[in-house]
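Here the structure is laid out as structure tokens; the discussion comes afterwards.
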Amino acid sequence: MRLQHPWALALLPVALAVVWLVARRGHRVVGPRQLRIATIVRGVGVGLLVLALGLPLLVLGSNTRSVVILLDRSASITSSARGAQDAYLAAAVAAAGPEDVTAVAVFGRDVRLDRALTTEPDPGPVRTVIDAAATDLGGALRAAAAVLPTEGSRRIVVLTDGVETTGSARAAAAELRDAGVAVDFVTVETGLSSDVIVLGVDAPVTARVGDDVPVTVRLRSTISGRGTVAVTAGNDELEVPVDLVPGTQEVEVTLPAEAAGVLRVRAEVAAPADAVPENDRGEALVRVLGPAKVGVVAGRIGEGDDLVRALDAGGLDAEPLTAVPAAAELLGYDALVLVNVPAPQDDIAADLAGFVEDLGRGLVVVGGDQAFGLGDYQDTLLEDLLPVTSDPDDFIRRQPVAEVLVIDTSGSMAACHCDDTTNRNDFDTGGINKTDISRAGAGLAIGALQPTDRVGVLAFTSGTRWALPLAEKPTGDAVASALATLTPQGDTEISAALREALDALRDAPEEIRHIVLFTDGWGDDADLLTVAQDIAAEGITLSVLGTGEGTGETLRRMASLGGGQFYPGRDLESVPEVFVEETLRVARPLVAEGSFVPALGAASQVTAGLTAA
């Protein structure tokens, strides 16, 4: 017996010391004889426990000899070689002792047991059939070792021609040596020591006209030397020199697919010492298809024409369409392009999903003013099919906004100019209070912003006052309290208020900085166009909401110089909605149009070889 963990014996003195200490304390409560018996029992129990921790292993001798005879029945083993194997097998089993057990297994690409371990002296004929296309010695050795018992003498005898085509017999033999299993090799003469075989020709099932067709010729050889592989397809023929080595190897070539139809690819190997020419050929069939057919669906007439011409110039068969084809018609297309197409109905989107996911066809979606977020793709089957989301309210990627609402609180804002008049003192005091309108519009505009945006409300007459200092969007109650302080009185001095708003936004860190001016335009300020230009020079945009009176043309020019919008505001009841519209226009630009020059960023396989845009 031996211990697998002998270090556990180091615990025995400690355990016995604990037993002794317990025994010393026990003499006060039990008699001497009972104490001695209890101490002996405890000591024996603790000793056995420590022994168990050491994992004892009892090794018994055995006179049994177990042998597995492995027969190589791959294609390189001829019938005469098989006869020699059978004769060796019969003699080996007959020479076994009465207690010896033998098993028989055959192998090629796979391995199978023909006879289990037995003392029967007559092995009988070998009837097991295996895949003879290869020789896996390593796999056969490992499988044979699994059949052997764990005791006695264990041995594997391999009858083979020694030509290994797959696996590693050397590594498997080393593993068995460490496990105590002996391995013997008996070489048999095959008579096919000089043969080269074409195991197969691999090529894609389909290809397109003009494609390069990759072809792989798989060879198996029992010899070393120079040879050639001739590959023909239609009118094309390639002859490739190859260095033959014992075992399997591959030869790769590329052939053009020049015409639609069935392309027959033939391969033939030639070697000077090849003894069996009948197995030197192989072939494969490739279905060559015509140019890919692409349907281009345009959201508006003419929008996909340029793309159709570009695809045709690239050798594809592009067809302009006015709508997504029905499911049956989609089968005729290899890919579909949607150019600025609004979200289709669910049944059409389901057909597109089957076209892509079930048939493996291509789908390209080109954006525009009625596609993606603007085309109501959000939460549709088409959006699920695309690698992008189309949520127009996704503020995660939106640039932060800093906005100042500059509101006129002069005396003329206390009433409505109901008549188209140039007399600033001739107005109807019974109309809609324009200051109340500005309060409502500012409140709605602030509510449309995000909590991370910054906003301020600057009231002006002949002076300025921050009703709401420029800061992160406050709560609704704070906004209402600030806007309630807007009261109309005094004169109109616009330029001073715009310059104060400009100073507040000049160093703001936000990417989008915007000023909204709400005024009736009364006043004789000659600096209005100059301050609008200064605002634009700082990268800040200016939009103007006018009530339709006062210096309307000047206000329009200010908005144009400031890069913003001008809203005439003749209907004062629409002003609150205009406030919101202007804020959302700046805060959520769903469409950005303009010119740009592509620049190469990082090197990638996609941009490899590009030298100009």
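Between a residue in segment 117-133 that is over 12 Å from Leu71 (Cβ atoms) and modelled with pLDDT of 85 or more and any residue that is open to solvent by 40 Å² or more (accessible area, probe 1.4 Å) and among the β-branched types (Val, Ile, Thr), which pairs come within a Cβ distance under 7 Å, given they are 6 or more apart or on different chains?
Pairs that qualify, where the first residue is over 12 Å from Leu71 (Cβ atoms) and modelled with pLDDT of 85 or more and the partner is open to solvent by 40 Å² or more (accessible area, probe 1.4 Å) and among the β-branched types (Val, Ile, Thr), are Leu117/Val147.
Results for (1) of a type in the set (Asp, Glu); (2) within 26 Å of Lys473 (Cα to Cα); (3) touching a Gly at 6+ places or on another chain (Cβ under 9 Å); (4) at pLDDT 85 or above, shown as yes or no for each residue.
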site: Leu502; (1), (2), (3), (4): no, yes, no, yes
site: Thr530; (1), (2), (3), (4): no, no, no, yes
site: Gly548; (1), (2), (3), (4): no, no, yes, no
site: Arg556; (1), (2), (3), (4): no, no, yes, yes
site: Val578; (1), (2), (3), (4): no, yes, yes, no
site: Gly594; (1), (2), (3), (4): no, no, no, no
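Is one or more of the residues making up segment 55-71 touching a Phe, Trp or Tyr at 6+ places or on another chain (Cβ under 9 Å) and part of a loop (DSSP other than H, G, I, E, B)?
Step one: of segment 55-71, the residues touching a Phe, Trp or Tyr at 6+ places or on another chain (Cβ under 9 Å) are 69-71.
Checking which are part of a loop (DSSP other than H, G, I, E, B) leaves us with none.
Looking through segment 55-71, none of the residues is touching a Phe, Trp or Tyr at 6+ places or on another chain (Cβ under 9 Å) and part of a loop (DSSP other than H, G, I, E, B).
Taking the residues in segment 355-374 that are free of Cβ contacts under 8 Å to residues at least 40 places away in the same chain and assigned to a helix (DSSP H, G or I) as candidates, determine which candidate is farthest from Val294 (Cα to Cα).
Here the residue is Phe372.
Of all residues in segment 153-185, which are more than 24 Å from Thr248 (Cβ to Cβ) and outside any strand (DSSP E or B)?
Residues satisfying the conditions are Leu176, Arg177, Asp178, Ala179, Gly180, Val181.
Residue check, Ala172 against (1) touching a residue at least 40 places away in the same chain (Cβ under 8 Å); (2) surrounded by 18 or more Cβ atoms within 10 Å (Cβ to Cβ); (3) closer than 30 Å to Asp195 by Cβ, all met but one. Which one?
Unmet for Ala172, out of (1) touching a residue at least 40 places away in the same chain (Cβ under 8 Å); (2) surrounded by 18 or more Cβ atoms within 10 Å (Cβ to Cβ); (3) closer than 30 Å to Asp195 by Cβ: (1).
Sort out for me the helices (runs of 4 or more DSSP H) sitting completely within segment 301-354 that have 3 or more residues that are closer than 19 Å to Glu383 by Cα and open to solvent by less than 60 Å² (accessible area, probe 1.4 Å).
Here the list reads 346-353.
Among Val44, Val30, Val22, which is part of a loop (DSSP other than H, G, I, E, B), farther than 30 Å from Leu113 by Cα, without any contact (Cβ under 8 Å) to a residue 24 or more places away in the chain and hydrophobic (A, V, I, L, M, F, W, C)? Even if it seems obvious, please write down each step before you answer.
Working: Val44 fails: part of a loop (DSSP other than H, G, I, E, B); Val22 fails: part of a loop (DSSP other than H, G, I, E, B).
Result: Val30 is the single residue among Val44, Val30, Val22 that is part of a loop (DSSP other than H, G, I, E, B), farther than 30 Å from Leu113 by Cα, without any contact (Cβ under 8 Å) to a residue 24 or more places away in the chain and hydrophobic (A, V, I, L, M, F, W, C).
Can you find, within segment 355-377, the residue that is nearest to Gly299 (Cα to Cα) among those that are aliphatic (A, V, I, L, M) and surrounded by fewer than 15 Cβ atoms within 10 Å (Cβ to Cβ)?
Taking segment 355-377 as the starting set, the residues that turn out to be aliphatic (A, V, I, L, M) are 356, 359, 363-366, 371, 374.
Next cut, surrounded by fewer than 15 Cβ atoms within 10 Å (Cβ to Cβ) only: 359, 364.
Working: Leu359: 25, Val364: 14 Å.
By that ranking, first place goes to Val364.
Of Thr150, Thr128, which residue is in a loop (DSSP other than H, G, I, E, B) and open to solvent by less than 60 Å² (accessible area, probe 1.4 Å)? Write out each step before concluding.
Working: Thr150 fails: open to solvent by less than 60 Å² (accessible area, probe 1.4 Å).
That would be Thr128, the only listed residue that is in a loop (DSSP other than H, G, I, E, B) and open to solvent by less than 60 Å² (accessible area, probe 1.4 Å).
For the subset of segment 76-107 comprising residues that are at pLDDT 90 or above and not in a helix (DSSP H, G or I), which member is most open to solvent (accessible area, probe 1.4 Å)?
Val101
Could you tell me which numbered condition Val297 fails, if it satisfies all but one of (1) surrounded by fewer than 17 Cβ atoms within 10 Å (Cβ to Cβ); (2) farther than 30 Å from Ile223 by Cβ?
Unmet condition: (1).
Have a look at Val205, Val286, Val262 and point out the one that is within 30 Å of Asp317 (Cα to Cα), surrounded by 14 or more Cβ atoms within 10 Å (Cβ to Cβ) and modelled with pLDDT under 95. Let's see the steps before the verdict.
Values: Val205 fails: surrounded by 14 or more Cβ atoms within 10 Å (Cβ to Cβ); Val262 fails: surrounded by 14 or more Cβ atoms within 10 Å (Cβ to Cβ).
Only one candidate qualifies: Val286.
The values are calculated or read from the model by the stated rules, or taken from the named source; none is laboratory data. Because the structure is predicted, anything quoted here is derived from the model rather than measured. Don't worry about glycine lacking a Cβ; one is built from the backbone with ideal geometry, like all the others, and counts go over all protein chains shown. Ligands, DNA and RNA are stripped out before the accessible areas are found, and what is left, the full protein with its side chains, is counted by its heavy atoms. Shrake-Rupley method; radii C 1.70, N 1.55, O 1.52, S 1.80 Å.
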